[in-house]
Structures are given as structure tokens and as C-alpha cells.
């Protein structure tokens, strides 16, 4: 396997961490606050602004802007209610999971999927909105970047992505500075502002601007402004979702952090709104500066403190996106574990971080930023729906749980969360009504699509599990008489020699050879006169088809107990995946054969370096160690074991790598109950790198390919629909890739065809 | 005798089923072997094992403890 990409990965991402180090990545409250609460704290930067934007459409003459403070108070009340309700969630669900877990457990699968879809979409939007707002803050201080907003925004996305691929604890310390810096800056602004206002508030640069009345000042407008202001609530969910990341006692620490965050947010939000009102900021779409920036300029002038404020605002916004980087991959992993998302999302990568989730999140957010041209207001229209769907579902689910479980004081608890659910439900309706045309319809249309996607992944995995669970097979001492080999001979070379040797050592019921090149006849006579060589007319690209037809005919003659194996010898040039590029036809042939029912593919690779000057002699290996790769007991695995038995190996055992501890216990118990008459070895893969663990394990047999051979048998699922195939078989590919260049190792794929 | 389980081998053929766990502590490795076990009951990778019993050597020269009294420690601290 080539070294260069791995080395580059190390430089950027850092050294791999073993599973045992997970404990050390749990967070103390002081770091958890910036990591999880930077989103709600940072939304202060634009919440007041959004409300004022709506109020401004009624025109300055109407005095609508004077309603900023009352609306802010209303939003603050909702925030307090939601925080209080989520404190209960955190205690009830110490392992986290947030709205998805609470909804799925208490309300059913569909509400659970709704919550999951809403949350996933929302995390993507958090990244897009926060980073865009951060760029806004920067351009309030440095207006020259205004033309390059999209590029700057995407650049920040990449930066945050890399920081997150390195792992939480380190980035946690990094993020503490801007968060506490922002909080300090805003409080400083408020204090200085209040002091100055004692003698009459300084006026903002836009004070006295006139806005035309585009909308009548009515109840609907006020509701719309209120809905806009509720952006201050976004991200409250994050702490509840990430309770498992806190140091022990987890629930208590999480609840305390929630309260602290709530208090900070409310005070900052009300303060900003008060100052905005008293400095008479008039905010509109094309304003060059954000509301916070205008307040800052009014209070501080254009000095150092002003720039500090902007820098801290931008920093916390860009890091608010980080909240989503914690939770999107975590949620994807939980969903993958419940079989609602492909298995690729389930595991932690090298740095104990869910790498696949991180990358998908970054990609989607970048697309959104680009699509909406980094316009904050446009993106926010999509933002709130998911948040309030999950708030409502989460609190409803919690209420139902209290009524069912009836812990101490359940009536009060249920009342609290029930009230919260009603309030957020009403806000949700308001948001949908007021933002529908503006962009909310996009989200409302996407959510069912995402839900459907998750549902079909789930049904597929259920279907597969059901088919595999039927223990219709029992390995019962298969013999070589059940095995037939067909050796594919593109050329008579060292690899073919090895293939013949291997096949001979097994004494199968029948061995034939197949070739498309008449020039091989003579060489074959010399090499293996005992094996009949069947000549196929060369048919160019449909060689594969001809071969498959031949195999199919042969297969029909055989009983269901028999195996038909195609042996493919390969001479490889050098280490490296360029092999596939160099011989695409071979690769395609192998892939095609795998989908032929009833046929197994045995690969005998040999690297050029491994060829000794004995091409004309055929060596039969005296020792054959058979390893069957297993992850769980199912028909595919049992079939692979039967296959291994036909080889009559020196040693036959099943091997399993990289399972989670609970899965290990289950596998062991199942193995003993099933009474499979072969040993099972379960190995740890502490770095979750199955490929290297397999390689290391195989090496203990010291295979040389001449006298000692290791045969690795890999069971695979083949599903009828091509698009479902991507949900399976990732491990098989990884293992094959690692074993390809190992001397003396033969790899057999034993596909099990599902309906 | 104490260590962390790194590898488990289950052999249903030997005398009613045998379970072997290869454990390591800082100084080296050893195999704990139980004969006639029907279930795993808590034996899994990464678990700590505190055992008492007689240590011998098997045919490969590995240190083996046969049917030891044991206590499981979940999520042991790494040294």
C-alpha cells in the first residue's frame, strides 16, 4: 500500500489514537461551554439584527423599530422556557442522542426520523449561517472583502473541517479563547454603553435614515419579527445531544452548562437589543455594517475596541459552526448504528472522530454557501424550521416519557416540558407561516426526502438481516470432492505456476483450465499435462461473457453442495493501487465474476519481486492455513466455512477483527450455541484499522507461497439492486487491498446471493 | 495475576467447548483457558482480568493458566 497519502494524512490530522484514549477526550465544563454553546451564544450577533430587518420593512415612520425591545423580551422568555425544559432532557438521557433519541423512543419511528432529518439539515445550516455571519462581521471592519465573500466563507469551512478532523480536545482549547473573548467583548460593550447612555446615548451612523414602508405594521409583521428573533435559540439542543462528551457526573455538568449558557445568551441578547434601540440603529438589507458593528462604532468610535469586537464576533461565529461539527457526525453515527444510514458512518476514524460525517457536513455546507451567494438573510430563512421541529418533538417525547415512567415529581416535570412543547410548537407554526415563501419551503420539501432515504436504508438492512438469520446451513465436514476449480490462464507465467501448484495440493473433484490465447497451448502441455486446457475463441471484450456462460453451464451440472471456484493468477508489478489502473480488464473480470451466482473467485497474486528462477517447476504447498473472516453468524459466513472445509487445510479457523466489546460477547456466545466445529479467534484492532490488523495476524503464519500458504476466505453479500451494493462489503475491499501484495497469501471471495 | 484481554479463542471441539483469552500486562503475555464453558459471560476484548490459579506451559511454550478463578474489570486504565 503506498505510503505517501498516509504520510500526508498524518501531517494534517495527527497521530492515530487508540480506543483506550477516548476517556481522555471527555470535556470539563469550562471547555464544554465553548465547544457546545458557541452556537447559541454567537447567534446574538445576528438575532437582534434579523428582527430589526423585518420591523424595518414597515418603514421608519411607523415607529415599528421601537418594538425591538418588547419582541426581544418575548424571545428571551421562550429561550428561558426551552433551556429549563432541556435541563430535564439532559438528566433523563445521560448518554445523549438529543431529539432523535427522545422522539424515536417515546413517539415512534416516524417522528424519530422527522427529528433526525430536521436536525441533520439544521446542522448543515448552522455551519453555513454561522460562517456567513462571521464573514459579515469581518467585512464590517474590512470592507474590501465584500466581493469575495463566497471564497472567504468556503475557506473558513475548510479550516474548521481540518481542525475537527484532528479531534475535539485540542480544538476545544483553541475554541475557548474566542468564545470567552466574545462574551467579554459584548459585556464590555454593554457596560460602556450603559455608562455612556447615562448622559444621552451616542447615535448610530444609520440613525435618522429613512426607510420606506414596504409592509403595513400589523400583527403579522410583528409575528414575523418575533420569528426572526428566535434565531437566538438555535443551538440550545447541542448540549443535550452531546451529554456523553462531558466529564463525570455527565448529566449534572451538562445541566449546569445549559443554565450558564442560557443566562449569558439572554443577558447579551437583551442588552444588544436595548442598545440598538437607544442608539437608534436603522438596519436594512444593503447596510454595510451589522447591527452589532454599528452599536460598536457608536459606543467606541472607530478605535481599537471596535476592531476587537468585530474580530471576536467573527471568531466565535466561525467557531459556532464547530458545534455542528460535533453533532452532525455524532448523530450520523447513532443513525448508522440504528441502521438508518449506511454503515460507513458508524465508526470513529483515526482520531476518535467520526470522519465520514465531518466530510459530508463540510461539503453540504459549502454547496449551500455557494448556492445562496453567502447572503446571510437568505440562508436564515431556511434555518429555524429544523430547530423548532426538533424542540417540539423532543419536549413532546419527554412529556410522554414522564407520564409513562412516572419518576418522582413527574406531574410538575411533565407540565414543564409539555408547556415548552406547546410554546415551541406555536413558534414553529409562526415560523412556517412567516418564512414559507422566503425559503422555508425548501426545507419542508427536503425533510420528507431525507426521511424516505433513511427509511429505505433501514428496510434494506432489515431485509438483509432477515435473509441471513435463517440458519439453513450447517458446516458438516465438506470434502475436496465438493470442490471444482477452473483456472483462468491469460498467460503461462510464474503466477499460473503457483496457481497450478495450489490447486494440485487440494485434490479437488475436477480441475480444468481456460484460455483465450491459443499460444498458451504448448506451454501448458509442459506445465500441467494432467489438466485439460479449454480453448475459447478470442472475443475481445466479451471474453468475460464467454467465461461466465461456460461457468454457468458447468454450475448447472453440479449439486447445491458443490463449490465452483475460478482461480485467477496475477502478476503484479509493484506495491500500489496503480495496479488496478494498469489492468482494468482483470479488475472488471473479477468484479463481474462475483456477481455470477454459485461461483467463487480465488485470487493468487504474486509480485514481480517474489518470482524465483523456478518458473518451470510447479510446487505444491505442503501447509495451507485457512482463515475465514467473520463478523457475525449468518448464512454467508457459514457458506464461507463450508468452502474452507473443502480445501482440507492444515489449519482452519475463523477470525474476527475490530468488533465492539458487546459484539464480541454476542459473537462468542452465538458461536458456542451454534456448535460450529471450528475454532474462532477474536482479535482486537485497537486502532480500528482492520486492514493492518489482518495483515499483522496473517504474518504470524510466515507464508512464503511455495511451501506455506495462507488462504483468506472472505464471505460477501451480493444484493440484487446495484445501488444497494454500496451499503455492504466495505470491509472486504479494505482487507483485499491490504493482502494483495503480501507474499504467500491467497484470497477467496465467497459471495452469498440475497434476493 | 492481572492483565487486559487482547485476543480470544473459542474452540467448540475441545471438551464441551473451550475459551482461551490471551492477556497482556506490562511485562508479557499469558493465556487463560477455561474448559467446558457454554457462554462468554463478560469475557470480551479490552476487559481486564484478575486471576488466581496455577501457571503452566503448553506445547508451544506459552504460559497458560487453566480454569482460573477470576474477576472482571471493565474499562481498565491504560498504563
Problem set entry | Gain on full stretching of the segment that runs from residue A:730 to residue A:449 - 0.36 nm per residue minus C-alpha separation | 98.6 nm
Seminar exercise, completed: Longest principal axis of chain A (C-alpha) makes with the long axis of helix A:304-337 (C-alpha) an angle, in degrees to the nearest 10, of 40
Problem set entry | Shape of the stretch A:661-755, Cα gyration tensor, a/c cut at 1.5 | oblate
Seminar exercise, completed: For the stretch A:368-494, shape from the Cα gyration tensor axes a ≥ b ≥ c, cut at a/c of 1.5 then a/b versus b/c, turns out oblate
For this session: At 0.36 nm per residue, minus the direct Cα-Cα distance, what do residue A:415 and residue A:142 gain on full extension? Give it in nm, one decimal, please.
Result: 93.3 nm
Problem set entry | Neighbouring partner chain Cβ atoms per residue of B:2-13, average, 10 Å criterion | 6
Exercise. Rounded to the nearest 0.05, what FRET efficiency is calculated for residue A:214 and residue A:95 with R0 set to 51 Å and r the Cβ-Cβ distance?
Worked result: 0.55
Seminar exercise, completed: For the stretch A:244-373 the mean separation of alpha carbon contacts under 8 Å (6+ apart) over residue count, i.e. relative contact order in percent, is 12
Seminar exercise, completed: So, with points 7 Å from each Cα along the Cβ direction, the residue A:651-residue B:34 label distance in nm works out to 2.5
Problem set entry | Alpha-carbon centroids, the stretch A:36-56 and the stretch A:277-338: separation in whole Å | 8
For this session: Could you tell me which of rounded, prolate or oblate describes the stretch A:313-406, using a ≥ b ≥ c as the square roots of the eigenvalues of the alpha-carbon gyration tensor, with rounded for a/c under 1.5 and, failing that, prolate when a/b is larger than b/c and oblate otherwise?
Result: oblate
Seminar exercise, completed: One finds the C-alpha centres of the stretch A:76-105 and the stretch A:545-566 to be spaced, in Å, by 59
For this session: Obtain the radius of gyration and the Kirkwood radius of the protein assembly as shown from its C-alpha atoms and give Rg over Rh.
Result: 1.07
For this session: Set the Förster radius R0 to 51 Å, insert the Cβ-Cβ distance between residue B:57 and residue A:256 as r into 1/(1 + (r/R0)^6), and round the FRET efficiency to 0.05.
Result: 0.35
Problem set entry | Within 10 Å of each Cβ in A:649-657, the average number of Cβ atoms from other chains | 1
Exercise. Per-residue mean of other chain beta-carbon atoms within 10 angstrom of the beta-carbon, peptide B:44-53?
Worked result: 4
Exercise. For A:601, A:387, what ranking results if the residue with the fewest other Cβ atoms within 10 Å of its Cβ goes first?
Worked result: A:601, A:387
Exercise. Between residue A:403 and residue A:196, 0.36 nm times their residue separation minus their Cα-Cα distance comes to what?
Worked result: 69.3 nm
Exercise. In degrees from 0 to 90, rounded to the nearest 10, what is the angle of the helix A:376-405 Cα long axis to the longest principal axis of chain A?
Worked result: 80
Seminar exercise, completed: Restricting to Cα pairs under 8 Å and 6 or more apart, the percent relative contact order of chain A works out to 17
Exercise. Going highest first, how would you order A:312-318, A:30-36 by mean Cβ packing within 10 Å?
Worked result: A:312-318, A:30-36
Problem set entry | Relative contact order %, the stretch A:637-724, counting alpha carbon pairs below 8 Å whose residues are six or more apart | 33
Problem set entry | Spacing of the two label points (7 Å from each Cα toward its C-beta) at residue A:550 and residue A:708, in nm | 3.5
Exercise. Can you work out the FRET efficiency for the pair residue A:162 and residue A:344, with r the C-beta to C-beta distance and R0 = 25 Å, to the nearest 0.05?
Worked result: 0.75
Problem set entry | Compactness index (Cα Rg / 2.2 N^0.38 Å), the stretch A:116-253 | 1.37
Exercise. Any idea how far the Cα center of the stretch A:358-415 sits from the one of the stretch A:689-741, in Å?
Worked result: 41
For this session: Could you work out how far apart the two model spin labels at residue A:463 and residue B:2 are, taking each label as a point 7 Å from the Cα in the direction of the beta carbon, and quote it in nm?
Result: 5.2
Exercise. DSSP beta bridges in the protein assembly as shown, what fraction antiparallel, as a percent rounded to 5?
Worked result: 40
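The numbers here are math on the coordinates, done by the rules we state, and not lab data. Predicted, not measured: the structure shown is a model, and the values here were computed from it. We place every Cβ from the backbone using ideal geometry, glycine too, and count neighbours over all the protein chains shown.
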